[in-house]
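Here's the structure we're looking at; comments come further down.
Just so you know, all these numbers are worked out from the coordinates, no wet-lab data involved. Just so you know, these numbers come straight off a predicted model, no measurement behind them. A quick note on method: Cβ atoms are made from the backbone with ideal geometry, for glycine too, and the neighbour counts reach across all protein chains shown.
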Amino acid sequence: MMGFLGNMMGGQMGEAMKQAKIQQDRLKKVEIFGESKDHLVKVHINGLQEVINITIDDVLLQPSKAKDVKKGIIEAFKNAQEKLQKELVKGMDMEQMKKMLGM
């Protein structure tokens, strides 16, 4: 009996892993751009929140502006994360999520 349950759970686990991989692949294709409040720093991320690119305006590329660059990167990344969250909620398939969670 334990073998049967083990096989059944293994099949469900395999399906959950397959669905997770599909979801991960889908998220990797989502691309979002965020920017700092002063629009001098831009961050390009994917749905997995991996940074694809950072653009820094030449105005900030001097040693005396290092603090501004760091602040801009943080602001731009947060902005991109907020946009990403909105984008993901918009495209969320609740039925698929329930299946993945075994509901």
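Within a straight-line Cα-Cα reach of under 16 Å, Lys78 can be paired with the following lysines, leaving aside sequence neighbours fewer than 8 residues apart in one chain: Lys37, Lys42, Lys70, Lys86. Label-to-label distance for Asp57 and Ile22 is 4.4 nm, based on points extended 7 Å past Cα in the beta-carbon direction.
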